[in-house]
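FYI, it's all coordinate maths here, none of it is from the lab. Being a predicted model, the structure only gives us computed values, none of them experimental. A quick note on method: Cβ atoms are made from the backbone with ideal geometry, for glycine too, and the neighbour counts reach across all protein chains shown.
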Amino acid sequence: YPLYQLGNPQMRLFRPPFTMTLVRPGKEQPPDTVQFRIPMEITKFDVRNYLETIYSVPVAAVRTRIQYCTNKKRNHLNQRVKRPDYKVAYVQLAQQQTFQFPDIFPETENKYEEGSAEEMQEKFMEDERQRQKPDPRRGGVTEWFGL
Amino acid sequence: MASCCRLLLHPFLCRKPACLAFSRNVQIIASTAESLYPPILPSRTAKSKSAKRRVLLEFFEQLRACTAQEKIRALTRIQREKYVIYPQTFALNADRWYQHYTKTAYVSGLPEKTFDNDESVLSELRSAVCNSILQEHWYMKKGRAFAHKEQEHSVAPYLRNIVCALKNVLAKENPVLGLSSLDFDPQVNFYWLRGERTIPRGHRSGRVEPMRFQIDDKPHSQIRISQQLPEFVPLEADISTEVPVVQSAPDLLPLFRRQYDNNIFVGAKLEDPCCYGHTQFHMVPDRFRRDKMSKRGLSDQVEVTLRANGIASLFAWTGAQAMYQGFWSEEDVSRPFVSQAVITDGQYFSFFCYQLNTLALTQRSDGSNVRKNLCWGTESMRLYERVTDGDVVGWNDAVLRLLVRFLLNKP
């Protein structure tokens with residue numbers, strides 16, 4: 001950011017060059033906390049202004065931390081490969097609002113439509129697997145010995 | 001082993017079938033025989049859970065026989081990392097979390113108490129309080145305070161004047177106040193264990209350890225008396241308000257861990273005769289003033305900070321009073337400890353009453369504990385609108401009456 005000196009006009013960004021990514025928290029967070037991955041250069045106040053002006057989300061508090069990622073991994077040339085660091089922002093919403101990260105990959109029951117080739121193939125594979133299983137009446141005993 | 005062999009040779013065992021007689025009669029005879037051998041106890045030094053349990057139980061048994069000073073020393077001797085709870089905190093919705101950590105149910109409104117209104121006393125106090133307000137804002141020409149020190153520049157001396165005036169005038173009505181001790185800027189500390197957590201990483205990761213908490217509070221002033229205040233509700237009374245339960249770890253509040261001396265302090269040392277608490281007065285610091293909070297967009301958090309302050313400070317004070325009397329988590333309080341607090345920022349006053357019913361907050365003692373601590377509190381009420389032309393405008397008598405009622409509380 002350009003350096004601010006006394007008497008300068010208020011610094012305004014009309015087209016912010018950065019984006020923020022909403023992520024699912026790794027650890028369980030309180031219901032009013034939203035977790036973002038943000039570029040390393042921006043600060044808590046930038047996050048607050050960004051959310052309040054562009055998305056009109058009421059923000060009560062923002063806390064940030066920098067996650068250091070490893071420089072220990074080595075590639076096939078034995079050179080150290082750095083995984084890039086990133087900054088995480090925990091945003092607490094004002095006015096008692098809550099946010100729950102949605103389930104992006106829900107479980108689907110029927111993946112194939114009726115009468116298609118994939119469904120017949122899936123049925124055939126299922127029958128094969130069923131035929132390979134041992135007799136359940138034997139209660140887990142192997143069929144190597146006996147009649 | 002020898003006793004079983006001896007019993008086999010006993011004459012009347014042979015009459016019954018051997019296997020049945022052996023198993024049944026051994027137990028009957030073993031229970032009725034006098035104990036020739038010492039009781040079978042788990043080891044004290046083995047690397048087992050039963051050994052650790054036995055060591056702990058023996059330590060608690062040994063503590064029951066000690067004096068209060070020794071109990072406090074034994075329970076706070078070992079330093080470990082603990083969560084530090086600040087009564088005046090910037091954390092959002094802190095009052096719910098603090099209620100969970102102190103097992104307090106918050107009831108809005110004050111408990112019922114009748115007191116007679118003496119008009120002469122009220123008018124004398126009204127003039128005293130108005131005088132101190134005018135002294136601060138009108139008569140005395142104070143320069144502007146340095147940044148963020150406005151509260152302690154203007155409100156602290158005015159609150160000091162009010163507390164002194166109230167105490168001296170009401171000492172006639174309430175004899176306890178005459179023998180009380182009024183401290184300015186006292187320290188109140190309390191250390192307790194509550195709940196358990198699994199250590200996430202480190203050489204002790206995976207083990208379960210209790211969560212330790214410490215409150216270090218510095219109220220503006222407090223009044224300590226030599227007799228205990230009467231309880232608001234009986235110890236085993238059933239209050240319908242529930243204690244909120246917070247599932248998240250304390251680090252998410254945010255609450256930070258530090259390791260230093262575990263202190264338990266009422267405001268004076270154990271030998272002081274005025275060991276029971278009466279009223280505390282708290283001043284709202286600059287960053288939690290109404291105008292600054294609304295500038296940050298946190299107008300609804302103002303009441304929350306006041307409540308959190310009341311609950312945490314009063315729990316620490318009453319808990320420390322109970323520890324001074326020798327109660328701790330295994331020896332729960334036999335009578336409720338009661339204290340009051342007034343939190344103000346100069347213009348707005350809020351009143352809190354606290355009754356400590358239980359100190360048993362550790363995982364071991366909380367399983368069978370039905371008692372919970374209670375906190376009654378009010379919303380913040382304005383004492384006056386503003387000061388103009390040597391006159392206090394918009395005087396609210398109800399606040400003064402509540403102040404008088406608080407200070408007239410006697411055992």
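Taking A:Phe101, A:Phe14, A:Phe124 as the candidate residues, the one with maximal mean-square fluctuation in a Gaussian network model of chain A, Cα springs under 10 Å, is A:Phe124. The residues neighbouring B:Leu166, those whose beta-carbon lies less than 14 Å from its own, together hold a net charge of +3 under the Lys/Arg +1, Asp/Glu -1 convention.
Just want to confirm a number: the relative contact order over the range B:97-248, from Cα pairs under 8 angstrom separated by 6+ residues, in percent.
Relative contact order, the range B:97-248: 28 percent.
For chain B, the mean projected area of the C-alpha convex hull, equal to one quarter of the hull surface, is 28.3 nm². Counting only other chain Cβ atoms within 10 Å of each residue's Cβ, the peptide B:295-301 averages 4.
Applying both filters, DSSP loop and at most 15 other Cβ atoms within 10 Å, to the chymotrypsin sites (Phe, Trp or Tyr not before Pro) of the range B:263-333 eliminates every site.
Below 15 angstrom from the Cβ of B:Leu193, what's the summed charge of the other residues (Lys, Arg +1; Asp, Glu -1)?
Summing Lys/Arg as +1 and Asp/Glu as -1 gives +3.
Cross-link reach is defined here as a Cα-Cα straight distance under 13 Å, omitting same-chain residues fewer than 8 places apart; for B:Lys113 the aspartates and glutamates meeting it are B:Glu231. Extents of the range B:169-226, taken as max minus min of Cα coordinates on every principal axis and listed largest first, are 61, 18, 12 Å. Counting only alpha carbon atoms, the long axis of helix A:44-54 and the longest principal axis of chain A meet at about 80°.
Over all Cα pairs of the range A:101-147, how is the pair count split among 10 Å bins, expressed in % and running from 0 up to the last occupied bin? Bins of 10 Å from zero give 20, 27, 23, 21, 8, 1 percent of pairs. When the Debye formula is applied to the Cα atoms of the range A:14-147, each taken as the same point scatterer, what base-10 log of I(q)/I(0) results at q = 0.16, 0.18 Å⁻¹? Treating every Cα as an identical point scatterer, log10 I(q)/I(0) equals -0.89, -1.02. How many angstrom lie between the Cα centre of the range B:207-247 and the Cα centre of the range B:33-55? Here the two parts' Cα centres lie 37 Å apart. For the range A:42-147, GluC sites (Glu not before Pro) are listed when DSSP marks them as loop and at most 10 other Cβ atoms sit within 10 Å of their Cβ; the list is A:Glu107, A:Glu109, A:Glu113, A:Glu114, A:Glu143. Taking B:Arg386, B:Arg144, B:Arg204 in turn, the Gaussian network model of chain B (Cα-Cα springs below 10 Å) assigns the largest fluctuation to B:Arg204.
Over all alpha-carbon pairs of the protein assembly as shown, lay out the pair-distance distribution in 20 Å bins, whole %, shortest bin first. Pair shares across the bins are 15, 36, 28, 15, 5, 0. Taking only the C-alpha atoms of the range B:170-280, Rg followed by Dmax gives 19.2, 62 Å. Quick one: what do you get for the range B:339-411 if you divide its Cα Rg by 2.2 N^0.38 Å? Here the answer is 1.61, to two decimals.
The label-point distance for B:Val370 and A:Asn78, in a model that sets each label 7 Å from Cα toward Cβ, rounds to 7.2 nm. Using bins of 10 Å that start at zero, the share of Cα-Cα pairs per bin across the range B:235-381 amounts to 10, 32, 38, 18, 2, in whole %. Axis angle, to the nearest 10 degrees, between helix A:117-132 and the longest C-alpha principal axis of chain A: 60 degrees.
With the simple spin-label model, which puts each label point 7 Å out from Cα in the Cβ direction, the B:Arg258 to B:Lys292 separation comes to 1.9 nm. Tilt of helix B:397-407 relative to the longest C-alpha principal axis of chain B, in degrees (0 to 90, nearest 10)? That helix lies at roughly 40 degrees to the long axis. Loop-located trypsin sites (Lys or Arg not before Pro) in the range A:105-147 (DSSP state other than H, G, I, E, B) with a sparse environment of at most 10 neighbouring Cβ atoms within 10 Å: A:Lys111. A Gaussian network model of chain B, with springs between Cα atoms under 10 Å, assigns the largest mean-square fluctuation among B:Arg401, B:Arg44, B:Arg80 to B:Arg44.
Net charge near B:Glu330: determine it from the other residues with C-beta under 12 Å of the C-beta of B:Glu330, scoring Lys and Arg +1 and Asp and Glu -1. Cβ neighbours under 12 Å give a net charge of -1. Here each label is just a point 7 Å from Cα along the line to Cβ, and for A:Glu118 and A:Thr70 those points are 3.6 nm apart. Of interest is the spacing of the C-alpha centroids, which for the range A:1-79 and the range B:94-129 amounts to 44 Å.
So what is the 222 nm mean residue ellipticity for the protein assembly as shown from helices alone, if each DSSP H run of at least 4 adds -39500 (n - 2.57) and you divide by all residues, rounding to the nearest 500 deg cm²/dmol?
It lands at -9000 deg cm²/dmol.
Among B:Lys142/B:Lys269; B:Lys167/B:Lys269; B:Lys49/B:Lys71, which pairs are too far apart, with a Cα-Cα distance over 28 Å? Among B:Lys142/B:Lys269; B:Lys167/B:Lys269; B:Lys49/B:Lys71, the Cα-Cα distance tops 28 Å for B:Lys142/B:Lys269.
FRET efficiency for the B:Ala145 to A:Thr53 pair, using the beta carbon distance and R₀ = 41 Å, is estimated at 0.75.
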